[in-house]
Amino acid sequence: MKKLIINADDFGYSRSVNYGIIDAHQLGILTSATLMTNMPGAGHAAELAKANPSLGVGVHLVLTCGKPLLKHHKTIADMNGNFRRLDYYKGAFTIDLDEVYEEWKAQIEKFLSFGLIPTHLDSHHHIHSFGNIPEVFLTLAKEYRLPVRGNMPKDWMDTARQKGIKTTDYFCYQIETVLKDHTLEQLFENYDSIEIMTHPAYLDKSVIANSSYAYPRVDELEMLIHPELVRKVKSFTDIKLATYRDI
């Protein structure tokens, strides 16, 4: 049986994001989410996760949004104690990978403190694929025995597989191009497991003011719960809606 994971990033960003993700799961075809343990809505997201055990929930490791959980960082936080913005990592950058390891381990441990068992690891803004940061990412995946999102450069993906770290066969960034036509069926001719990344949400002031990806979240939520699309995806006889527990 082919496996289709539809994951919502940014669980825990805010209450409005959390409620959008839960509606996409309860009313639509969303199967999975990843939780930002450093953000204001993290505790609320954890409560919703416990109330919806069929939703697979992993850890959305953060390095570019909000404040770190640990306060002593010198290279991954700015003078105000906030994480550096994504633009910092788009050019040549220098950071202490030990700080990344300590911070991300703290984020995973906070996830565990909620009484949840993570299904997998990925990261906000795909920061786990930048520079040598995949080294830390794979170290933690191996340490906690967790699957990972498969969107790192090929050499790091080869390293992950050599370490026995599980992932999907294919990762897709664009939900629209996959679910609106026959692309999904075509992809499954070549792959046995696929993850589609999504960002469903309702909007509140924090999302509108602080997120570079705001209004499209509502469109993605509408798509994920649209009756016609839900019927189409659930009608596949050889494709199972899955979570990273099934990988």
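The values are calculated or read from the model by the stated rules, or taken from the named source; none is laboratory data. Remember, it's a predicted structure, so these values are computed and weren't measured experimentally. When we count neighbours, we look across all protein chains shown, and the Cβ atoms used for this are built from the backbone with ideal geometry, even at glycine. What goes into the accessible areas is simple: the full protein's heavy atoms, side chains included, and nothing from ligands, DNA or RNA. Shrake-Rupley method; radii C 1.70, N 1.55, O 1.52, S 1.80 Å.
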Can you tell which of F171, F93, F114 shows the greatest fluctuation in a Gaussian network model of the chain with Cα springs below 10 Å? F93
Efficiency by 1/(1 + (r/R0)^6): what FRET value for N190 and Q162, r their Cβ-Cβ distance, R0 = 35 Å, to the nearest 0.05? 0.95
Summarise the accessible area of the chain (1.4 Å probe, protein heavy atoms) by the percent that is carbon and sulfur. 52 percent
In the Gaussian network model of the chain, springs joining C-alpha atoms below 10 Å, which of T167, T198, T177 carries the largest mean-square fluctuation? T177
What is the calculated FRET efficiency for T75 to V218, with r their C-beta to C-beta distance and R₀ = 25 Å, to the nearest 0.05? 0.10
Which order do I208, I21 take by accessible area at a 1.4 Å probe, largest first? I208, I21
Please compute the per residue accessible area over the range 2-241 with all protein chains in place, 1.4 Å probe, rounded to a whole number of Å². 46 Å²
GNM flexibility winner over the chain from T139, T94, T168 (Cα, springs under 10 Å): T94
Going toward the positive end of the dipole of the chain, with +1 on Lys and Arg Cβ and -1 on Asp and Glu Cβ, which of H199, L146, N210 do you reach last? L146
Mind checking the dipole of the range 2-241: about its Cα centre, +1 per Lys or Arg Cβ, -1 per Asp or Glu Cβ, Debye to the nearest 20? 400 debye
Provide the percentage of antiparallel DSSP beta bridges, counting only those with both residues in the chain; round to the nearest 5. 5 percent
Where W156, W104 fall by accessible area, highest first, once all protein chains stay in place (1.4 Å): W156, W104
Just to confirm a number: summing +1 for Lys and Arg and -1 for Asp and Glu over residues other than E143 whose beta-carbon lies under 14 angstrom from that of E143, what do you get? +1
Run lengths n ≥ 4 of DSSP H only: what is the helix-derived mean residue ellipticity at 222 nm for the chain, with -39500 (n - 2.57) per run over all residues, to the nearest 500? -11500 deg cm²/dmol
Calculate the dipole size of the range 102-228 relative to its Cα centre from +1 charges on Lys and Arg beta carbons and -1 charges on Asp and Glu beta carbons; express the result in debye to the nearest 20. 540 debye
Shape verdict for the range 66-190, please, from the Cα gyration tensor: rounded (a/c under 1.5), prolate (a/b greater than b/c) or oblate. prolate
